[in-house]
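Every number in this text was worked out from the coordinates using simple rules, so none of it is lab data. Since we're looking at a predicted model, the values are computed, not measured. Here the Cβ is made from the backbone with ideal geometry for all residues, glycine too, and neighbour counts use every protein chain on show.
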Amino acid sequence: MIDDWEPFYAATADSPVRALCLEAIETAGDARGRLAVDLGAGAGRETAALLAAGWRVLALDGAPGAHLRIEASVAPRDRDRLTVTEQSFGSLDRLPQAGLVYAGYALPFQRAEVFARTWALIRAALEPGALLAVNLFGPRDTWAADPAITTHTTGEARALLAGLEILTVREEEREGHAVGGPKHWHVLDLVARA
């Protein structure tokens, strides 16, 4: 698992915007200045893409110095629609009402009890018609044995979306790399509408 996020940010600085974020932007339609929440905003690529699509964005990340990375990734003309909060998921007590909640490869990096609490906050933040787009890790992921990681089967992922209109549940397994070296990826992409 990743203990120090700085090498990750450096290694992925020039990576493209994640496909799930682009899918969420397209599926959500006209932003009309509504609020999007980017959970685990990291280096800010997806935050910048959401802003460019017309969203106001709350970018939340618990890594030290996150606000510097995220603000640097955003075009100056978009910064007035950006709010950055350096806060861990475990210390959240609420999220604002939002038209889009995106969490790319961020939610699995917490213990099960923190995940459950964070998920309840996410569900409570979804406005009627809001879009939810998240990546989860499956149980065959290399990092699944780590007690600080939360994984979900496809059935468990679908249960998390109960009461929402499920648009996508996509499961992918592949051999690849992480910043720390070779890794078996088992990832679930979820897209749903409130």
Which FRET efficiency value, to the nearest 0.05, is calculated for residue 158 and residue 32 with the Förster distance at 22 angstrom and r the Cβ-Cβ distance? 0.15
Quick one, what does Rg over Rh come out to for the range 6-193 if you take C-alpha atoms and the Kirkwood Rh? 0.93
So for the chain: antiparallel DSSP bridges make up what percent, rounded to the nearest 5? 50
What does the extension gain come out to for residue 71 and residue 173, with contour length at 0.36 nm per residue minus their alpha carbon separation? 33.4 nm
Going fewest to most other Cβ atoms within 10 Å around each Cβ, 69, 140, 34, 94 line up as 94, 140, 34, 69
Got a sec? How would 61, 141, 38, 80 order by Cβ neighbour count within 10 Å, fewest to most? 80, 141, 61, 38
Quick one: Debye curve from the C-alpha atoms of the range 11-100, no solvent, what's log10 I(q)/I(0) at q = 0.15, 0.16 Å⁻¹? -0.51, -0.58
Assigned charges on the beta-carbon of Lys, Arg, Asp, Glu; the chain dipole about Cα centre (debye): 480
Simple SL model, points at 7 angstrom along Cα→Cβ for residue 83 and residue 97; separation in nm is 1.4
Stretched out fully, how many nm does the piece from residue 19 to residue 144 gain, at 0.36 nm a residue minus the Cα gap? 42.7 nm
So for the range 74-125, what percent of the C-alpha to C-alpha distances run longer than 13 Å? 66
